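Inspection log for the structure reproduced underneath, given as structure tokens.
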Amino acid sequence: MERKKWANVPIEIKERLKITRAQQVMRCLGQVAELKMVGRLFTDAGIALVPLKGVALSQVIYHDPFVRSSCDLDILVKTEDVEIAEELLIKAGYYHALGFHSMYDRQKCHIINTLHHHEYISDGKDVHIELHWRSCLWPKEQVLALWNTSRHLTWLDAGLMQLSTEENILFLADHGARHGWPLLKWLSDIAMLAKDMSEDDWH
């Protein structure tokens, strides 16, 4: 049956798809390795970590981290852990895109209170990390409540946590709407999560 699906696909298209797939798998492998490293680093320091979207979501939805690629790693930590998390990322070879660590305390406080994430870059790795401490969707009190409903993941054995199905759907719908739904896979993610929702879950 699988061969019949591909029977009428031109060879050049098949080859392009194979190359694209191989590139995606390599990119995802790097992100998986980095997520595992960061997860263990944060867990050893007593910092709770929730991966958002990306390879972790791909594992949850499709049971395969290589199905859903992303441009970077998005991770959520508690507000009080942001500075420690940054120190750990710097030690791991990352640097803040805007030089957060060299700012005055007043500047740091302003950023924490008005923005929702930092971006970290590494010259030696093809992975960017976005460190989130709040969401555009939920106010501070509701973000704090997320930690009570998030569940532990055994995947990667790196001390990771995961948003509940309901919160993931809300988060992904908000993210997609704010960006204008440029990618079909964003709708697919929500559809895959929604199909397992019961009537009670929807209420």
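The values are calculated or read from the model by the stated rules, or taken from the named source; none is laboratory data. Bear in mind the structure is a predicted one, so any value in this text is a computation, not a measurement. A quick note on method: Cβ atoms are made from the backbone with ideal geometry, for glycine too, and the neighbour counts reach across all protein chains shown. With ligands, DNA and RNA removed, areas are computed over all heavy atoms of the protein, side chains included. Shrake-Rupley method; radii C 1.70, N 1.55, O 1.52, S 1.80 Å.
Among the residues in segment 170-182, are any farther than 25 Å from His203 by Cα, among the small types (Gly, Ala, Ser) and out of contact with any Cys (no Cβ under 7 Å at 6 or more places or on another chain)?
yes
Among the listed residues Glu130, Glu199, identify the single one that is modelled with pLDDT of 80 or more and surrounded by fewer than 16 Cβ atoms within 10 Å (Cβ to Cβ).
Glu199
Kindly check whether there is at least one residue in segment 39-46 that is polar (S, T, N, Q) and out of contact with any Cys (no Cβ under 7 Å at 6 or more places or on another chain).
Yes, some residue in segment 39-46 is polar (S, T, N, Q) and out of contact with any Cys (no Cβ under 7 Å at 6 or more places or on another chain).
Quick one: which of Lys5, Lys36, Lys18, Lys14 is closer than 15 Å to Val55 by Cα and of a type in the set (Lys, Arg)?
When all the criteria are applied, what remains is Lys36.
Can you find, within segment 87-110, the residue that is surrounded by the fewest Cβ atoms within 10 Å (Cβ to Cβ) among those that are at pLDDT 90 or above and touching a strand residue (DSSP E or B) at 6+ places or on another chain (Cβ under 7 Å)?
Top of the filtered list is Leu89.
So, Leu187, is that one open to solvent by 70 Å² or more (accessible area, probe 1.4 Å), under 27 Å from Tyr95 (Cα atoms), hydrophobic (A, V, I, L, M, F, W, C) and without any contact (Cβ under 8 Å) to a residue 12 or more places away in the chain or not?
For Leu187, the condition - open to solvent by 70 Å² or more (accessible area, probe 1.4 Å), under 27 Å from Tyr95 (Cα atoms), hydrophobic (A, V, I, L, M, F, W, C) and without any contact (Cβ under 8 Å) to a residue 12 or more places away in the chain - is not met.
Need pairs with beta-carbon distance below 8 Å; first residue in contact (Cβ under 8 Å) with a residue 12 or more places away in the chain and within segment 74-89, second of a type in the set (D, E, K, R); sequence gap 6+ or separate chains.
Asp74/Lys53; Asp74/Glu130; Ile75/Glu130; Thr79/Arg134; Thr79/Lys140; Glu83/Lys108
With a cut-off of at least 1 residues that are surrounded by fewer than 18 Cβ atoms within 10 Å (Cβ to Cβ) and under 17 Å from the mean Cα position of the chain (by Cα), name the helices (runs of 4 or more DSSP H) lying wholly within segment 1-67.
11-44, 54-62
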